[in-house]
1. With the condition kept exactly as written, say whether any residue in the stretch 49-61 is under 10 Å from I86 (Cβ atoms) and touching a Ser or Thr at 6+ places or on another chain (Cβ under 7 Å).
2. Within the stretch 4-21, work out how many residues are under 19 Å from S70 (Cβ atoms) and at pLDDT below 85.
3. Checking the conditions here, which among A75, A96, A102 is of a type in the set (A, V, I, L, M, F, W, C), over 12 Å from A30 (Cβ atoms) and not in a strand (DSSP E or B)?
4. Cβ contacts < 6 Å: first residue surrounded by 15 or more Cβ atoms within 10 Å (Cβ to Cβ), restricted to the stretch 76-102; second residue part of a strand (DSSP E or B) and of a type in the set (F, W, Y), any location; separation 6+ or different chain. Result?
5. For the stretch 29-72, enumerate the residues that are open to solvent by less than 60 Å² (accessible area, probe 1.4 Å), part of a strand (DSSP E or B) and of a type outside the set (G, A, S).
Amino acid sequence: NHPALKGLAIPRTGSLGKVGVLVTKTLLIAGDGTATTGEDGKTGAWLRAYDKASGREVGAVRMPTRVTGSPMTYALEGKQYVAVAISGPNVPAQLAVYRLPA
C-alpha cells in the first residue's frame, strides 16, 4: 500500500516464514513458509520452482501444510527427487518427497 507503488502491477513476491531454498544449475526451488487458503477454499502451501535466468515460475506442487525446512535433492537409480520437511498446526512433521519427471 505504499504510495510509491501505486499503479504498479507487482506479482506475488513470496510468503512469510523462514525457509531455505534449493539452487540447481537452472532452477531455484522454494516453499511457502505460511499456509494460505487458495481460490478453491483449501488450506495449504506450495513448493515452487523458478527458472534462474528469467525468474519465471516453471512449476508448483501443492503441499498439505507449510514448508518448514529447506528443499533437498538426490538421485536414485537414475531418477531425480526433491524432498522437503513440512508441518503445521494439527499436522505432524513429515518429509514430502517428489520424483521429478524424466
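The values are calculated or read from the model by the stated rules, or taken from the named source; none is laboratory data. None of these values were measured; they are calculated from a predicted model. Virtual Cβ from ideal backbone geometry, glycine too; neighbours counted across all protein chains shown. Ligands, DNA and RNA are stripped out before the accessible areas are found, and what is left, the full protein with its side chains, is counted by its heavy atoms. Shrake-Rupley method; radii C 1.70, N 1.55, O 1.52, S 1.80 Å.
1. To start, the set of residues in the stretch 49-61 that are under 10 Å from I86 (Cβ atoms) comprises none.
No, that holds for no residue.
2. Within the stretch 4-21, the first condition is being under 19 Å from S70 (Cβ atoms), and the residues that meet it are 14-21.
Restricting the remaining residues to those that are at pLDDT below 85 gives 14-20.
Counting residues in the stretch 4-21 that are under 19 Å from S70 (Cβ atoms) and at pLDDT below 85 gives 7.
3. A102
4. Taking only residues 6 or more apart or on different chains, the pairs are V82/Y98.
5. I29, L47, R48, Y50, D51, V61, M63, V67
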